[in-house]
Amino acid sequence: STSNQSVYRATTTAPVNIAVIKYWGKRDTTLNLPTNSSLSVTLSQRSLRTLTTASCSAAYPPADTLNLNGSPQDIQSSKRTIACISNLRALRKALEDADSSLPKLSAHPLRIVSENNFPTAAGLASSAAGFAALVRAVADLYELPQSPKELSRIARQGSGSACRSLMGGYVAWRTGELADGSDSLAEEVAPASHWPEMRALVLVVSAEKKDVPSTEGMQTTVATSALFAERAQNVVPERMSAIETAIKYRNFHDFAEITMRDSNTFHATCLDSWPPIFYMNDVSRAAVRLVHDINRVVGRTVCAYTFDAGPNAVIYYEDKDSEIVAGTVKAILGPNTEGWDGVFYERLANVT
Ligand code: 2P0
């Protein structure tokens, strides 16, 4: 019949998020359970986002397929992709079991096509946007009733940081306590509209590949760094509550200081790993010095840097200070000046 040949389809986009309290270290590598809570800012999708279409049909050849930026991927070799898909399929199956009038989409092969509008390997949190978009696209295709918070449990298994890209504004990922990971979820701390002045400047270092992939780097740090345990147990919990207070009162000074200090502590644990891991380079350090110089010259904290598992800088500031911050940064570190390739100005996103 024609209905057997129907193609069901859903398309969605997901944003990048940039952590201000960093996730680094897993207590469970299969479930992607973190050793410490983290907090991030979800960026608008104006210049950085993943676009994903999920479709399914009884007429498709009998295996799930995934295409990333035009290249077919081997799903079978990605346990994380399989985990996300099988979790979503089980939720759809439960809906179909409860309502026999629903089409049996859970039995159809899935076809997932995903595309970033930014370089995948540039260290711009592409796995976060990628898995968040995959989970949302399939959840939409299956018409699942689960909330973003519930879906974050699934996205987390794709990539830890992906759980924070299902919500907008300021998002906390709580470690949770349970061994099955059911309470290791992301939740929105405040929407983007709570602090409309907040801006982010993403500075991309030219064509440098990641030194050590995140998953591998984390494992080295967990296994070898004493500083890592100190950070997870004694430093991050206080910073989490302090930055949530700073966000609540829109206290940029405190938000900025905690953000810069946590980026520095994270990179210190990388340096303390054995063998040491270097993500920042000379170009990154020039951005650090410039931010401190701007704050000193202005006489108050108007900008904050943070660096992930790569040399790119993200600089947070408030719109009222955009002339001094974005103007100076762009003049000194902007595209076409040595070592820097691109600059994206971003607002925060209200997702959901
Ligand atoms: C973060 N990063 O909080 C931290 C800061 C990089 C530095 O999350 O192994 O790609 O897939 O769970 O999420 C990068 O790690 O690692 C990351 P997996 P993920 O954003």
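The values are calculated or read from the model by the stated rules, or taken from the named source; none is laboratory data. If you're wondering where the values come from, they're calculated on a predicted model, not measured in any experiment. Every residue, glycine as well, gets a Cβ built from its backbone with ideal geometry; the counts of neighbours run over all protein chains shown.
Applying a threshold of 9 Å to beta carbon distances and a minimum spacing of six or more residues, or different chains, the list of pairs starting in segment 154-176 at a residue that is away from the ligand (no atom under 11 Å from the Cβ) and ending at one that is aromatic (Phe, Trp, Tyr) and not in a helix (DSSP H, G or I) reads 169/195; 170/195. Of everything in segment 71-93 that is hydroxyl-bearing (Ser, Thr, Tyr) and farther than 15 Å from residue 114 by Cα, the residue that is farthest from the ligand (Cβ to nearest atom) is 86.
Scanning segment 299-352 for residues that are surrounded by fewer than 18 Cβ atoms within 10 Å (Cβ to Cβ), out of contact with any strand residue (DSSP E or B) (no Cβ under 7 Å at 6 or more places or on another chain) and assigned to a helix (DSSP H, G or I) returns 320, 323, 324, 327, 331, 332.
Sub-6 Å Cβ pairs linking a first residue in segment 42-68 that is farther than 30 Å from residue 190 by Cβ to a second residue that is hydroxyl-bearing (Ser, Thr, Tyr), at least 6 apart or interchain, are 53/11; 56/8; 68/114, ordered by first then second residue. Residues in segment 18-33 that are in a strand (DSSP E or B) and either closer than 12 Å to residue 157 by Cβ or out of contact with any Lys or Arg (no Cβ under 7 Å at 6 or more places or on another chain) (or both) were compared, and the one that is nearest to the ligand (Cβ to nearest atom) is 19.
With respect to residue 196, is the statement that it is under 30 Å from residue 335 (Cβ atoms), out of contact with any Cys (no Cβ under 8 Å at 6 or more places or on another chain) and within 16 Å of the ligand (Cβ to nearest atom) true? Spelling it out, it is not the case that residue 196 is under 30 Å from residue 335 (Cβ atoms), out of contact with any Cys (no Cβ under 8 Å at 6 or more places or on another chain) and within 16 Å of the ligand (Cβ to nearest atom).
Among the residues of segment 16-30, which ones are at pLDDT 95 or above and surrounded by 19 or more Cβ atoms within 10 Å (Cβ to Cβ)? Those that are at pLDDT 95 or above and surrounded by 19 or more Cβ atoms within 10 Å (Cβ to Cβ): 17, 18, 19, 20, 21, 22, 23, 24, 25.
I'd like to check something: does segment 97-118 contain any residue that is within 16 Å of the ligand (Cβ to nearest atom) and not in a strand (DSSP E or B)? So far as segment 97-118 goes, yes, one or more of its residues are within 16 Å of the ligand (Cβ to nearest atom) and not in a strand (DSSP E or B).
With respect to the conditions (1) within 17 Å of the chain's Cα centre (by Cα); (2) farther than 28 Å from residue 212 by Cβ; (3) surrounded by 19 or more Cβ atoms within 10 Å (Cβ to Cβ), residue 46 lacks only one, and its number is (3). So for segment 38-53 (the condition being out of contact with any Phe, Trp or Tyr (no Cβ under 8 Å at 6 or more places or on another chain), at pLDDT 95 or above, more than 16 Å from the ligand (Cβ to nearest atom) and of a type in the set (Gly, Ala, Ser)), does at least one residue qualify? No: zero hits. If you filter segment 8-17 down to residues that are of a type in the set (A, V, I, L, M, F, W, C) and either farther than 23 Å from residue 134 by Cβ or in a strand (DSSP E or B) (or both), you find that the one that is farthest from the ligand (Cβ to nearest atom) is 10. In this structure, residue 155 does not satisfy being more than 26 Å from residue 279 (Cα to Cα), hydrophobic (A, V, I, L, M, F, W, C) and assigned to a helix (DSSP H, G or I).
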